[in-house]
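Everything below concerns the one structure shown next.
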Amino acid sequence: MNYPIWELHSITGGTLIAIIAILHAFVAHFAVGGGLFLVLTERKALRTNNPALLAYVQSHTKFFLLLTLVFGGVSGVGIWFIISLVNPAGTSSLIHNFVFGWATEWVFFTGEIIALLIYHNRFGKMDSKSHLAIGWFYFIFAWLSLFVINGILSFMLTPGKWLETQNFWHGFFNPGFFPSLFFRTGIALFIAGIFGMLTSLSNKNTPIWDTLVNYCLKWIYLPFILILLSGFWYFKIVPETSLDNLLVSNAEAIKAINIFVYASILIFILAVFFVIRFPNTVRKMATVLFILVGLIWFGGFEYIREFARRPYLINQYLYSNSIYKSNTDAINKEGILNTAKWISNENINPGEKLLNDGKEIFSLECSSCHTLTGRNQIFNKTLYFTERGLIAKLSGLNKINNYMPGFFGTEDEKAALSAYILRSVHGKPAPKEEIVNVQSLESKPSEFNSRKDKYVLLVWNDLGMHCVSDNDKYFSFLPPANTLYAQLIKRGERPEIINTNVTLEYEVEEGFRNPQNHVDFWQYSEIVYGAKFQEGYGLAGNGISGSLKFNENKGAFMAEYIPVTAYNDNNTYNPYPSFTIRAIDNNRNKLAETRAITPTSTEMGCRNCHGGAWRVNNISGFSEETAINILRVHDRMNKTSLLNNALNGKPALCQSCHEDPALGAPGNPTILNFSSAVHGFHAQVLPDMDADACALCHPARVLGNTSCSRGRHNTRGLNCVHCHGTIEDHAVALVKNEKIKKKPAADKLLANLSPRKVATQAEVNPRMPWLMEPDCKACHGNFNIREEGKGVNGFNNWVPGGAALYRNTVDNNGVYCAACHGSPHAIYPAINKYGRDRDNMQPLQYQGIAGSIATQNNCKVCHTVDMKYNGHHRNMLKFDKLNLKNKDVALK
Amino acid sequence: MQLIPHADQIPVHWSWFQVLLLLTFLIHIILVNFILGGSVLTLIDVIRGKTISKASSGIPTLIALTINFGVPPLLFIQVLYGQFFYSSSVIMAVPWILIIPVLIVAYYGAYYFVYKINSKTVLAKTGLFISTLILLVIAFLYVNNITLMLHPQDWGKYFRSTGGMNLNFSEPTLWPRYLHFIVASIAVAGIGKALFAYFDKKSDKELRNQEINSGLKIFSYATLVQIAVGVWFLLVLPGKITWMFLGRNGLATILLGIAVLLLIPTLIYSFRQNFRYTISGILLILILMILIRDLLRKFYLGEVFRLSDLEISGKYGSLILFLGAFIIGIASVYYMIRLITSSKKQ
């Protein structure tokens, strides 16, 4: 931000730091532990009066000097160089806060090298006591420089109280100081042992080999007691989010941990070569292996420590990409490009501005860890995204998983970054908004003669919209299954609901009679749903034509789960196929006939983010690519193997794990229910949106091929959010309910969700999906169109349970609300893009007006006479201007 | 100028860092002169087939000390001028980071040469040659960075190569400044050679005098060349800054004036082969040059930055840690040297 960024292509700055730092630190730890090794071994040689051992110490000193002084010294400066190139802001921060710490370390370093030069150059030229004293000086200075560096290194992971006080001592003696100091001291002794082994076996004085080998083995393995104990202590003080990064979410970190663990095991296995007297060449080779494994082990540890700190460079203070935590609000407000200093705006023509901005943003926010096509490349990581999906991903950073910083900047900048990655890096074309032009279909109501006809047949689909996840080869969560309800009313001054001695037959319109030719539900039903269904017949055994059965509990005729789809045999798409329903008496006389539509869409917006084309005719359906990409994400984030299972012919039903009242699936009681999981997750990545968030997934897009929100609320300007809340509100209500059930994932999802309709999560009433929906009475308390003083406020006013849902409620006389008002989301009068009055065929059939049945005092539809009192609910007969106006709108 | 990053807060008054910077830099640069000039002189001796000075064997040890004494100036320049230094380093990131691996090669090359100093194998000579060449290149890269950090107006070149493949060739003082440094290194290495012989009490007196005189001779001739280079350097500085040293700025003029005046007796003594007076003179001149160099930096940056602009947090606690460690360090080194001198060979 503040500094220019060194752009790298095949390797990240972090890797460069790691290469230099791991090699340096390995040698630097040797410089500490090896110091003690030198003096103790020299002392041992002197005490036992062993000139051969003393000669060994001298030759080891030369090796020690050449490795630690030359390589160790220069590579130490190398770390300074590389960190100031890769992360100047972080380096500057460490320098300015700890300048006297560094200066102190330099003093110790100076003492160290002067002592070493004397120790080496004067070996055998001084009296042994003084020489040994010089050795001790060396070791103490070396350990003190570890002491100081350790303070600053451990500070970066656990800055502790420093975050509040910015006090040097709080930062230096941070919570991680002592565990880290002991841990590193242990490492230093271990490394001294393995290098000791190397020089021992290169020593020309063969008779002392075995003594030396045994001696070095102690140096190698005894420190592990210290390493293990301080390691546990270290683990205890590591912040919880870091542990989550390390052990759960960050795949890279898990790799590092595995490397560390396996290398640890190898280190112990290697002991075999030395305990058993193998020939010397084998032991020499084993020593080289020892050093290599030791280096890998050590690198594993340093990587783990680095990963633990993610997404910070200085925990809770400075992000890996040099952005200060304290600056993020300002950056989100003003934009990263307006706050960063090193931005090139020269000679950019406006057409290239978007992509150029994206490139700059990539450089500023991503390039510290990601290259474009090299190491940790962004190309591979964004293979399965669309631009919209990438924007969502950016919004979700640092929420579910904490190892990456969030995106900082404006929404426009998010879009610019996504455009740059997808268009410039992947070479994909700019996305175009899909506009579906729909042809109006025949929607002619059935005949009704108000003077002659004796019956009124009211039929409706229980849901205003039903979707089909039509890629059962990979997974399924919504089978083809529409449920029709019907009530047959015998007209008269006192109308009667007829439930007996009558058969209600249904039949789908031409073109929709072969759903098995369009979706693979039947192919996979046994694996996915646990039962084999006859082709063309659905979950409840109903086919595409058949009869509605009277259901005592419901007080209505029902045909459950009719497997109708939106695909017409003539290759067109229509998410509103119509059914003709006939009431027939026992003598097969037709009593009444009407038409109803069964909304069934495959316009699932998953592909908006997860990529993939439409499956069918470029207009609708769940393509393989989309399905695969979704499973990939699910597998990655939840450690499942759904994709593999699907590819092996075992696709899953989402609800086999995720409870779902809609399907009556119990799921796994420790896993979030389906709606909570899906909304809870996607609310993280689609923040601050209105109903457009809903339409990204549900078939509600105005320019889409379904536009399921088509009822009276919609024509009055209300959208999803007015009743259900924004996606955040919606998700909080759902996930809170799961939290009550103590489901483990709930807290993680709630951690980053703030409701928008109310101020706090506490104010949101938890709800069970499908069973607790917005209560109509929240706005229509008195059955008025809308009452004064009541805002549009379906959100947070949930019905108490399934029985109280609009679709399940009846009036005082047993007539379903939906019978007269239409299906949810298609409340009369609705406007359907596949034929304006496609949803209104029954009101038009019976009263010629596309409103609620009996609207505008049309009580005669059933009662045959005008009524003077509100028989079904309050305020039925109130003359309502708005209603008229609405009718006008509808009839236009 | 909009590119100049914000500076971070410093804990104590900037003058502490200023003094520490100049002091440690003086030691560092003398050591650099010794190893760079020393390598060049040794290489010349090797090429001419002459006996190699005993002083040459000290080069690897001096490299260790040079690197060690390079740490504090590197630290303090980041404290005081980090926003300039980091920016210029990133602009020339690739050559800058390459200093590290090549320095390791040079260092091992020097050790290899010294271990084989008597056998004079081709490989040893090659080692010396590579080491010397590398040290010359590193010096050049340093001059690039140190000049680039002074020219924020040239930082726009970053955008032409964001991959860090830039040097500061557009800088008019680049070559005279580099040459000024190389010639100084040879001159000071001459002094170093004399100094080594002066303290090398074990060697034959005749040989020691010969070495001292040869060192002083190198110093004298190199310094004559340096006068020309110095004038060139002064003249290619931006006109405004040149005039600062020629009267417009009192302090700058006085410092340069004293240095020039001191040079005359120092040269006379060196030609007369008076080692003690020469070394005293050159030490004073070096101190003056360090101060002049610092003033030059302040003149360059004067319009955009002054040290007094730095915010001070006033947290002195850690300074005490450093001073305490410093005293312990000095005492320890003193004690260790005492151990050497008082110790008898077993």
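The values are calculated or read from the model by the stated rules, or taken from the named source; none is laboratory data. No experiment lies behind these values; they were computed from the predicted model shown. Every residue, glycine among them, receives a Cβ derived from its backbone with ideal geometry; neighbour counts consider all protein chains shown.
Summary table
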read-out	value
Given (1) touching a residue at least 24 places away in the same chain (Cβ under 8 Å); (2) within 22 Å of residue A:853 (Cα to Cα); (3) part of a loop (DSSP other than H, G, I, E, B), index of the condition residue A:460 fails	(3)
Any chance residue A:296 is touching a residue at least 24 places away in the same chain (Cβ under 8 Å), more than 14 Å from chain B (Cβ to nearest Cβ), under 25 Å from the mean Cα position of the chain (by Cα) and part of a helix (DSSP H, G or I)	no
2 or more residues under 18 Å from residue A:713 (Cβ atoms) and free of Cβ contacts under 8 Å to residues at least 60 places away in the same chain: qualifying helices (runs of 4 or more DSSP H) within the stretch A:815-871	A:817-821
Residue in the stretch B:22-42 that is among the aromatic types (Phe, Trp, Tyr), in a helix (DSSP H, G or I) and more than 14 Å from chain A (Cβ to nearest Cβ) present	yes
Candidate set from the stretch B:4-21 (those that are touching a Ser or Thr at 6+ places or on another chain (Cβ under 9 Å) and either part of a loop (DSSP other than H, G, I, E, B) or away from chain A (no Cβ under 11 Å) (or both)); member that is nearest to residue A:168 (Cα to Cα)	B:11
Scan of the stretch A:302-340 for residues that are of a type in the set (Lys, Arg) and surrounded by fewer than 19 Cβ atoms within 10 Å (Cβ to Cβ), ordered by number	A:325, A:333
Residue within the stretch B:315-327 that is assigned to a loop (DSSP other than H, G, I, E, B), more than 8 Å from chain A (Cβ to nearest Cβ) and at pLDDT below 95 present	yes
Meets criteria (in contact (Cβ under 8 Å) with a residue 40 or more places away in the chain, surrounded by fewer than 19 Cβ atoms within 10 Å (Cβ to Cβ) and more than 11 Å from every other protein chain (Cβ to nearest Cβ)) for residue B:129	yes
Selection count, the stretch A:709-742, where residues are within 10 Å of residue A:676 (Cβ to Cβ) and among the small types (Gly, Ala, Ser)	2
Whichever residue in the stretch A:109-136 is part of a helix (DSSP H, G or I), at the interface with chain B (Cβ under 7 Å from one of its Cβ atoms) and not aliphatic (A, V, I, L, M) and, among such residues, is surrounded by the fewest Cβ atoms within 10 Å (Cβ to Cβ)	A:128
Failed criterion for residue B:135 (all others in (1) part of a helix (DSSP H, G or I); (2) over 27 Å from residue B:108 (Cβ atoms); (3) in contact (Cβ under 8 Å) with a residue 40 or more places away in the chain hold)	(2)
From B:72, B:101, B:60, residue being under 29 Å from residue A:107 (Cβ atoms), assigned to a helix (DSSP H, G or I), within 9 Å of chain A (Cβ to nearest Cβ) and touching a Ser or Thr at 6+ places or on another chain (Cβ under 6 Å)	B:72
Within the stretch A:376-447, helices (runs of 4 or more DSSP H) holding 3 or more residues that are surrounded by 18 or more Cβ atoms within 10 Å (Cβ to Cβ)	A:387-396, A:411-419
Identity of the residue in the stretch A:794-835, polar (S, T, N, Q) and surrounded by 23 or more Cβ atoms within 10 Å (Cβ to Cβ), that ends up nearest to residue A:458 (Cα to Cα)	A:823
Selected residue (criterion: farthest from the other protein chains (Cβ to nearest Cβ)) from residues of the stretch A:156-207 that are surrounded by fewer than 18 Cβ atoms within 10 Å (Cβ to Cβ) and hydroxyl-bearing (Ser, Thr, Tyr)	A:206
Odd one out for residue B:49 among (1) facing another protein chain (nearest Cβ under 8 Å); (2) assigned to a loop (DSSP other than H, G, I, E, B)	(1)
Residue in the stretch B:64-77 that is touching a Pro at 6+ places or on another chain (Cβ under 8 Å) and within 21 Å of residue B:155 (Cα to Cα) present	no
Evaluation of residue A:367 against (1) of a type in the set (Gly, Ala, Ser); (2) touching a Ser or Thr at 6+ places or on another chain (Cβ under 7 Å); (3) within 14 Å of chain B (Cβ to nearest Cβ) (one fails), failing number	(2)
Matching residues in the stretch A:509-553 - criterion: being among the basic types (Lys, Arg) and touching a helix residue (DSSP H, G or I) at 6+ places or on another chain (Cβ under 8 Å)	A:532
Residue among A:151, A:160 that is part of a helix (DSSP H, G or I) and touching a helix residue (DSSP H, G or I) at 6+ places or on another chain (Cβ under 7 Å)	A:151
Search result, residues across the stretch A:34-55 that are of a type outside the set (A, V, I, L, M, F, W, C) and in a helix (DSSP H, G or I)	A:34, A:35, A:41, A:42, A:43, A:44, A:47, A:51
Filter result for the condition that a residue is over 30 Å from residue A:367 (Cα atoms) and within 14 Å of another protein chain (Cβ to nearest Cβ), over A:69, A:36	A:69
Residue count for the stretch B:150-184, restricted to those that are outside any helix (DSSP H, G or I) and within 12 Å of chain A (Cβ to nearest Cβ)	6
Residue in the stretch B:111-119 that is part of a helix (DSSP H, G or I), touching a residue at least 12 places away in the same chain (Cβ under 8 Å), facing chain A (nearest Cβ under 8 Å) and in contact with a His (Cβ under 6 Å, 6 or more places away or on another chain) present	no
Boolean, residue A:564 is within 24 Å of residue A:526 (Cβ to Cβ), out of contact with any Leu (no Cβ under 7 Å at 6 or more places or on another chain) and among the aliphatic types (A, V, I, L, M)	yes
Residue satisfying all of: in the stretch B:320-333; under 16 Å from residue A:138 (Cβ atoms) and not small (Gly, Ala, Ser); surrounded by the most Cβ atoms within 10 Å (Cβ to Cβ) among these	B:333
Pair list, Cβ under 8 Å, 6 or more apart: the stretch B:239-260 residue surrounded by 13 or more Cβ atoms within 10 Å (Cβ to Cβ), other residue small (Gly, Ala, Ser)	B:244/B:252; B:245/B:252; B:253/B:247
Matching residues in the stretch A:479-518 - criterion: being surrounded by 18 or more Cβ atoms within 10 Å (Cβ to Cβ), in a strand (DSSP E or B) and not β-branched (Val, Ile, Thr)	A:482, A:484, A:485, A:486, A:487, A:488, A:504, A:506
Selected residue [assigned to a helix (DSSP H, G or I), within 22 Å of the chain's Cα centre (by Cα) and not charged (D, E, K, R)] from B:284, B:261, B:251	B:284
